[in-house]
Amino acid sequence: MQNDIDDDVKQEKPFTKRKTMMNKKRPPTHMTMLDQRFFSDADLHERQQKLENEIKNLDLLALDISEDDLYDEWCDPETPRILSFEEIAAAAYRIKYGVEKTPCTHSHLSRVVDMDLYFKKDFLLNTGSFKERGARNTLMVLPREEKAQGIIAASAGNHALAVCYHGQQLGIPVVVVMPRHAPIMKVNNCKSYGAVVIVKGIDLAESKRIALKLGKLFGLRYINGFDHPHILAGQGSLGLEVLDQVPDVDAIVVPTGGGGLLAGIAVAIKSVNPHVQIIAAESERAPGFAAAMKAGRPTFTECHSTLADGLAVSVVGANAYATAAPLIDKVVTVNEEYIAIAILRLVEVEKAVVEGAGATGLAAILQGLLPELKGKKVVIPLGGGNIDTTVLGRVLERGLVADKRLLKVWLTVSDRPGSLAHMCKLFSNAGASVKDIYHERAWLKSDMFSVQIQVVLEVRDREHAEEVTKIISENYEDAIFYQDHL
């Protein structure tokens, strides 16, 4: 049969990196009996190699997938499971030596937003996201027979990284199905943890279909990354840590996609202090939870391309919705420009590199969607830091544009000696720096002795941008400025 595994990603020699990684001496760690590995390194390698070889013999595109294959008993919308505080408390104890307690620090942005702002920094965890909490808890409570068979998951990034890492730590076989658009960095990191990685599916929905089918074929437990009850319980440990670190918190603004983190935090916080506000923040280009609240149930919502790609879930989790809906106080949707600005602010002010999904809570505040929190103590989870370097550069530039710190203007000037020098002196006197400049002569419809110049200018802030715009307009009547419609 045609090998369908990793057909979109160049294969390395099988298991060479895995052997190197597995043979490295692990650093000493405080462990309990709960943390003991199920398989030894050798047995884990053997089991995962067997799984990979068996899957290689399948034509994944030709799989006959029925409705029964797609049924997940742990995430049944007809009989949703409501998360309890006791489950969260047990999960928090269970994972305490495998998932570090992350800092929750006071923000330098507090004066800017007129709030006592704190950031819960889960992006500092080993795989760069809060997903480790639920992944480790779920793996640890698997029955022995399911640990022996292994688990399977569908994910474009953070959930895949979490189950691969903790599967390797706990000696449990892991298979992940990742869509073709999954960042190559995340695909390679999953491989480095020794997991069986299958890159297949035009989107996450198709990858999930394949994963559920493979789970049925090979007896692998499918782990839903945002709706499995044990995932929700693990994510709730973040809420318990917040209560310990900021006991007098007034509100928590939670980035929301499938709803797993929201549900876990809501139960943890409201069970201890029902007066704390729980606010869900999601991208306006993926408003799944807002749509579910309006419909009174999880409902399909079309997702568009968004900087908060980790929140782009078409249907929120049934368990997550049933658990969170009665507990949350507000849902807000954030526009893309403010997500970019939030990422920029975190880099510049907090020295923190956070992906779009993780920055959405801050974006809601910067956009002015939560004026009722002025003067209050607010915690925002920064849930993920896995943003591609190339994407980060583009996002930061977009943030500078949205923040009015980059100006683009088209000017028509004389194509005579000294005209360009005059223009640059004008910019210099105004305190603007030329970042980019481009000349256009061939397509200009004015006289032959003129040239159109496209200039990108760096300015200090919005007020300076207005000053520079005024000066240019007074000197060049035909100046055309780019408007970003913020």
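Residues that are surrounded by 15 or more Cβ atoms within 10 Å (Cβ to Cβ) and of a type in the set (Lys, Arg) were ranked within region 64-118; the one that is farthest from ILE210 (Cα to Cα) is LYS96. Yes or no: ALA363 assigned by the TED database to the domain that holds ILE278, within 23 Å of GLY296 (Cα to Cα), open to solvent by less than 10 Å² (accessible area, probe 1.4 Å) and modelled with pLDDT of 95 or more? The answer is no for ALA363. Among the residues of region 160-179, none qualifies, meaning not one is in a helix (DSSP H, G or I), farther than 22 Å from GLN235 by Cα and of a type outside the set (Phe, Trp, Tyr). Got at least one residue in region 293-302 being in the same structural domain as GLN367 (by the TED database), buried (at least 21 other Cβ atoms within 10 Å of the Cβ) and free of Cβ contacts under 8 Å to residues at least 60 places away in the same chain? Within region 293-302, none of the residues are in the same structural domain as GLN367 (by the TED database), buried (at least 21 other Cβ atoms within 10 Å of the Cβ) and free of Cβ contacts under 8 Å to residues at least 60 places away in the same chain. Scanning region 124-146 for residues that are open to solvent by less than 40 Å² (accessible area, probe 1.4 Å) and either more than 16 Å from the chain's Cα centre (by Cα) or farther than 20 Å from ALA268 by Cα (or both) gives LEU125, THR127, GLY128, ARG136, ASN137, THR138, LEU139, MET140, LEU142.
Note on region 180-224: residues that are out of contact with any strand residue (DSSP E or B) (no Cβ under 7 Å at 6 or more places or on another chain) and under 21 Å from GLU67 (Cα atoms) amount to 11. Do you know which of the residues in region 303-315 that are closer than 15 Å to ALA340 by Cβ and among the hydrophobic types (A, V, I, L, M, F, W, C) is surrounded by the most Cβ atoms within 10 Å (Cβ to Cβ)? By that ranking, first place goes to LEU311.
Scanning region 459-478 for residues being surrounded by 16 or more Cβ atoms within 10 Å (Cβ to Cβ) and touching a strand residue (DSSP E or B) at 6+ places or on another chain (Cβ under 9 Å) gives a total of 6. Screening VAL379, VAL401, VAL434 for residues that are in contact with a Cys (Cβ under 7 Å, 6 or more places away or on another chain) and within 15 Å of LEU457 (Cα to Cα) leaves exactly one candidate, VAL434. Answer yes if at least one residue in region 331-354 is open to solvent by 20 Å² or more (accessible area, probe 1.4 Å), touching a strand residue (DSSP E or B) at 6+ places or on another chain (Cβ under 9 Å) and among the polar types (S, T, N, Q), and no otherwise. Looking through region 331-354, at least one residue is open to solvent by 20 Å² or more (accessible area, probe 1.4 Å), touching a strand residue (DSSP E or B) at 6+ places or on another chain (Cβ under 9 Å) and among the polar types (S, T, N, Q). State whether the residues of region 255-265 include one that is touching a strand residue (DSSP E or B) at 6+ places or on another chain (Cβ under 9 Å), over 25 Å from LEU366 (Cα atoms) and either assigned by the TED database to the domain that holds ALA325 or at pLDDT 95 or above (or both). No: zero hits. In region 178-201, of all residues being open to solvent by less than 30 Å² (accessible area, probe 1.4 Å) and among the aliphatic types (A, V, I, L, M), the one that is nearest to ALA154 (Cα to Cα) corresponds to MET178.
The values are calculated or read from the model by the stated rules, or taken from the named source; none is laboratory data. Computed from a predicted model, the values in this text were never measured in an experiment. Cβ coordinates were reconstructed from backbone atoms using ideal geometry, including for glycine residues, and neighbour counts include every protein chain displayed. Surface accessibility is based on the protein's heavy atoms, side chains included, excluding ligands, DNA and RNA. Shrake-Rupley method; radii C 1.70, N 1.55, O 1.52, S 1.80 Å.
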